[in-house]
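See structure below.
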Amino acid sequence: MKEELLKDPVFGMAAEQFDRVADFLELSQRVRERCKWPKRLITVSLPVTMDDGRTEVFFGYRVQHHLSRGPVKGGLRFHPKVNVGEVAALAMWMNWKCALMGLPYGGGKGGITCNPREMSMGEQERLTRRFAQEICPFIGPEIDVMAPDVGTTAQHMAWILDTYSTREGRFVPEIITGKPVELQGSEGRTQATGHGVAFLATRALNKLSVPVIGASAIVQGFGNVGSYAVETMSSYGMKVRGVSDVTGAVWNLEGLDALALRAYVAEHGGVKGFPGGEEIDPDEMLLQECDVLVPAALERVITAEIAPKLKCKVLAEGANGPTTPEADAIMEERGDIFLIPDVLCNAGGVTVSYFEWVQNLQRFSWTKQEVLSKLETKLNEAFENLLLFCGERKCDHRLGALATGVETVAKVKQTRGLFP
Ligand code: GLU
């Protein structure tokens with residue numbers, strides 16, 4: 001299994017990052033081995049009746065990296081290329097993310113290999129419910145709490161809530177986060193990840209003494225993370241010059257109109273053809289000069305090939321794993337890019353998921369204002385702690401963020417001991 005996992009490029013990258021951190025922390029072999037590998041890798045086959053009457057079998061995965069610090073937490077991804085290795089890598093990153101943010105969770109991630117863009121809502125509902133049904137024995141509010149990720153929304157979470165609650169014979173909102181507010185989802189959860197990315201970008205600009213008002217940004221990806229990052233940065237007075245998604249990229253030197261862009265994408269399914277900007281090549285867009293560059297799509301887009309050509313001051317990683325270790329090394333050598341690493345930068349989502357779970361367990365709800373201000377406090381604290389850690393222990397931001405998470409988990413493993 002270890003070899004199988006390591007063959008996957010995304011897991012290989014997460015494992016390489018982990019090894020670097022474990023060396024840095026001088027973790028003992030005993031603890032290192034226990035921290036590195038996932039506890040549970042669950043694969044289920046999902047037969048679904050398609051709209052044309054055919055039955056198609058999809059494969060779904062849930063990886064629970066470890067359960068030593070609390071229930072497992074993390075999203076569920078629908079994507080044609082998702083596989084168990086990628087999901088295991090994402091679960092490992094969730095682990096360090098939750099520990100870094102001080103959330104009482106282990107990391108988890110799920111995925112179903114499918115293309116939601118080509119499926120009707122009925123097909124997606126049947127697929128989601130079948131997955132929930134198959135995974136029921138392995139999840140629970142104190143075991144594993146899922147949330148949205150690439151390709152899934154609050155609606156998918158509502159179907160999972162309904163399937164689980166029906167099986168339990170009672171309403172169990174705490175089984176899932178990122179659900180609709182009318183089903184006791186949290187105010188502020190939808191925008192939380194993008195809001196966090198934008199907030200942290202302004203903290204980084206402050207450190208570089210670049211004024212936030214008028215600062216320029218480029219965002220790759222216009223899903224839940226990218227779209228709210230664009231909206232929040234625009235609301236701060238920043239100019240979002242370029243935005244791309246799977247359909248193409250749009251560019252406006254004076255700043256794109258965030259709300260008009262959201263409305264256009266809702267109607268047309270992508271940014272391509274947006275009349276408030278010009279078309280630009282998506283790869284070229286990443287290399288344009290800007291204050292903040294936000295990769296908010298998939299893994300491994302900032303590679304060794306493009307890292308030397310980047311012209312941003314801040315790299316705010318909205319996606320999980322957007323930068324390869326080779327690109328990291330190049331940026332480290334360049335020394336002129338302020339990196340906000342993924343496990344911190346996009347932690348707004350899971351942090352508000354935690355708030356949602358806490359509210360559900362208490363049968364109590366907070367206002368959007370309360371949620372976002374608690375989120376900013378937590379992100380700011382983690383950001384300042386990271387800079388302190390990196391200053392004291394003389395390391396780069398990626399290493400510092402991962403090391404903070406890994407160190408927390410390693411201590412727990414050590415203190416709990418090895419059973420039997
Ligand atoms: N999918 C998001 C992430 O990668 C959120 C996970 C959650 O809210 O549990 O962080």
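The values are calculated or read from the model by the stated rules, or taken from the named source; none is laboratory data. For clarity, every value in this text was computed on a predicted model and none was experimentally measured. Glycine also receives a Cβ, built like all others from the backbone with ideal geometry; neighbour counts cover every protein chain displayed.
Observations on the structure shown:
- Across region 237-256, the qualifying residues are those that are touching a strand residue (DSSP E or B) at 6+ places or on another chain (Cβ under 8 Å) and not in a strand (DSSP E or B), and the one among them that is surrounded by the fewest Cβ atoms within 10 Å (Cβ to Cβ) is Glu254.
- Residues located in region 24-78, provided they are within 16 Å of the ligand (Cβ to nearest atom) and either on the phi > 0 side of the Ramachandran plot or loosely packed, with under 14 Cβ neighbours inside 10 Å (or both): Gly70, Gly74
Table: residues versus (1) more than 11 Å from the ligand (Cβ to nearest atom); (2) assigned to a helix (DSSP H, G or I).
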residue: Leu90; (1), (2): no, yes
residue: Leu103; (1), (2): no, no
residue: Gly107; (1), (2): no, no
residue: Gly122; (1), (2): yes, yes
residue: Arg130; (1), (2): yes, yes
residue: Glu134; (1), (2): yes, yes
residue: Ser165; (1), (2): yes, yes
residue: Arg170; (1), (2): yes, no
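- Residue among Glu370, Glu299, Glu384 that alone is under 30 Å from Ala154 (Cβ atoms) and in a helix (DSSP H, G or I): Glu370
- Test result for Gly400, within 16 Å of the ligand (Cβ to nearest atom) and either without any contact (Cβ under 8 Å) to a residue 24 or more places away in the chain or not hydrophobic (A, V, I, L, M, F, W, C) (or both): no
- Number of the exception - Pro322 against (1) in contact with an Asp or Glu (Cβ under 7 Å, 6 or more places away or on another chain); (2) buried (at least 16 other Cβ atoms within 10 Å of the Cβ); (3) farther than 26 Å from Phe78 by Cα: (3)
- Residue check: Pro173 meets all listed conditions (1) touching a residue at least 40 places away in the same chain (Cβ under 8 Å); (2) farther than 26 Å from Gly269 by Cβ; (3) in contact with a strand residue (DSSP E or B) (Cβ under 9 Å, 6 or more places away or on another chain) but one, namely (3).
- Whichever residue in region 377-392 is surrounded by fewer than 18 Cβ atoms within 10 Å (Cβ to Cβ) and in contact (Cβ under 8 Å) with a residue 40 or more places away in the chain and, among such residues, is nearest to Ala147 (Cα to Cα): Asn380
- Sole exception among (1) of a type in the set (Ser, Thr, Tyr); (2) over 13 Å from Gly221 (Cα atoms); (3) surrounded by fewer than 17 Cβ atoms within 10 Å (Cβ to Cβ) for Tyr264, by number: (3)
- Any hit, region 44-63, residues being modelled with pLDDT of 95 or more and farther than 29 Å from Val246 by Cα: yes
- Output for region 181-226, where each listed residue is within 22 Å of Ile280 (Cβ to Cβ), within 15 Å of the ligand (Cβ to nearest atom) and not in a loop (DSSP other than H, G, I, E, B): Gly194, Val197, Val225, Gly226
- Among (1) part of a strand (DSSP E or B); (2) free of Cβ contacts under 8 Å to residues at least 12 places away in the same chain; (3) not small (Gly, Ala, Ser) - the single one Asp23 does not satisfy: (1)
- Residues of region 309-334 that turn out to be small (Gly, Ala, Ser), more than 16 Å from Phe383 (Cβ to Cβ) and at pLDDT 95 or above, as a count: 3
- If only residues of region 79-88 that are under 14 Å from the mean Cα position of the chain (by Cα) and under 17 Å from Ile135 (Cβ atoms) are counted, the one that is farthest from the ligand (Cβ to nearest atom) is Ala88.
- Residues located in region 270-288, provided they are assigned to a loop (DSSP other than H, G, I, E, B) and either buried (at least 19 other Cβ atoms within 10 Å of the Cβ) or without any contact (Cβ under 8 Å) to a residue 60 or more places away in the chain (or both): Gly270, Val271, Lys272, Gly273, Phe274, Pro275, Gly276, Gly277, Ile280, Asp281, Leu287
- Where a residue in region 351-376 is closer than 16 Å to Ile175 by Cα and its partner, wherever it lies, is more than 16 Å from the ligand (Cβ to nearest atom) and part of a loop (DSSP other than H, G, I, E, B), with Cβ under 8 Å and at least six apart: Phe355/Trp366; Gln359/Ser365; Gln359/Trp366
- Residue within region 236-247 that is within 16 Å of the ligand (Cβ to nearest atom), under 22 Å from the mean Cα position of the chain (by Cα) and not polar (S, T, N, Q) present: no
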